[in-house]
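Data first, discussion second: the structure below is written as structure tokens.
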Amino acid sequence: MALYERILITGAAGRLGSELRKGLAPLANTIRLAGRTPFSDLAEHEEQVVFDLSDMKATIAATEACDAIVHFGGAALECSWQTILNSNIRGSYHIYEGARKHGARRVIYASSVHAIGYYKLEDHISVEAPVRPDSLYGVSKNFVESLSRLYWDKFGIESACLRIFSSFPKPADRRMLWSYLSFNDCVRLTTAALTAPRISHTVTFGLSNNTVKVVDNSGANHLGYLPQDCSEPWKAEIEASTEIPDPNRSSVKYLGGWFCELDHPDDKESE
């Protein structure tokens, strides 16, 4: 018997959403896929809703009859303020309003390392560390983490905010030797957040079991997440093909990586 009747996945056509679409199938009788364009390959247990997160009415309607929401939609990188505002900030508010109005009891939110990107690797922060965003994108993640805290304290909607570091098929550079989150571990983390008996409001770091540890995730142990992958199989290949980077570069010393070296995104549009 499935744990949930219906789970809504926003960003279901994205890199991680596509993995969750498959990996979360055992947890619900119906998986509702949300995207801005139609899905052409629905499975028997899937249904779809097509809308833009900036559309409040459509977003709230998409949450109806869903008892859990996996919110991975929105702008995925640093971009213009208006895009961040409409997609990540307004869009996430619409999701939480939908959860409140339609009775979803749990939201799993794709937060990001960029919410705490200006900490140094050696700071070894915990999930309780004050936020230090490295970008407007990071600020939007801070906003939703705070929003989700409000909706737990005031309305009783549980949330797990997954601060995902680098989730790709395999590590692409030296930074990802410590920041890597495999697709399978991403599914495991999301599954743990959906199946833990109680999560209240939880912030957790999304990492595989990499050899180099840069954060303390013990404050989220109650989720029961046990990563099974690591970056080690690619270590020799990456170290042989890339030079040791300058340790004084912002992209090397801070958790946020190259986001810490970006200019304000709206400057380009005003030139």
Could you tell me what percent of the accessible area of the chain is made up of carbon and sulfur, with a 1.4 Å probe and every protein chain present?
51 percent
Using a Gaussian network model of the chain whose springs link C-alpha atoms within less than 10 Å, name the residue from Thr204, Thr30, Thr190 with the highest mean-square fluctuation.
Thr30
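Leaving out ligands and nucleic acids, note down the accessible area per residue over segment 135-215 with a 1.4 angstrom probe, in whole Å².
Value returned for segment 135-215: 34 Å² of accessible area per residue.
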Here the relative contact order (percent) of the chain, from C-alpha pairs under 8 Å and at least 6 apart, is 17 percent
Sequence-distant residues sharing a close amide H with Phe205 (under 5 Å, placed H)
Arg163
Average accessible area per residue (Å²) across segment 1-70 - probe 1.4 Å, nucleic acids and ligands excluded
48 Å²
With each pseudo-label sitting 7 Å past Cα toward Cβ, what's the His222-Arg100 distance in nm, one decimal?
2.3 nm
Which of (1) 21.7, 82; (2) 17.3, 53; (3) 18.2, 57 is the computed Rg and Dmax of the Cα atoms in Å for the structure on display?
(3)
Given springs between every Cα pair under 10 Å in a Gaussian network model of the chain, which of Leu53, Leu85, Leu20 has the largest fluctuation?
Leu85
Connecting every pair of Cα atoms under 10 Å apart in the chain and solving the GNM, the largest mean-square fluctuation among Glu97, Glu158, Glu243 falls on Glu243
Quick one: Karplus J couplings for segment 208-218, per residue in order, coefficients 6.51, -1.76, 1.60, θ = phi - 60°, nearest Hz, x for Gly and Pro?
7, 7, 6, 5, 7, 9, 10, 9, 10, 9, 5
Would you mind working out the magnitude of the charge dipole of the chain relative to its Cα centre, with +1 at each Lys and Arg C-beta and -1 at each Asp and Glu C-beta, to the nearest 20 Debye?
720 debye
Take the Cα of Lys154, step 7 Å along the line toward its Cβ, and report every residue of segment 77-105 whose backbone nitrogen sits under 19 Å from that point.
89-105
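The values are calculated or read from the model by the stated rules, or taken from the named source; none is laboratory data. Note that the structure is predicted; figures quoted are calculated from it, not measured. Virtual Cβ from ideal backbone geometry, glycine too; neighbours counted across all protein chains shown. SASA here: full protein model, heavy atoms, side chains in, ligands and nucleic acids out. Shrake-Rupley method; radii C 1.70, N 1.55, O 1.52, S 1.80 Å.
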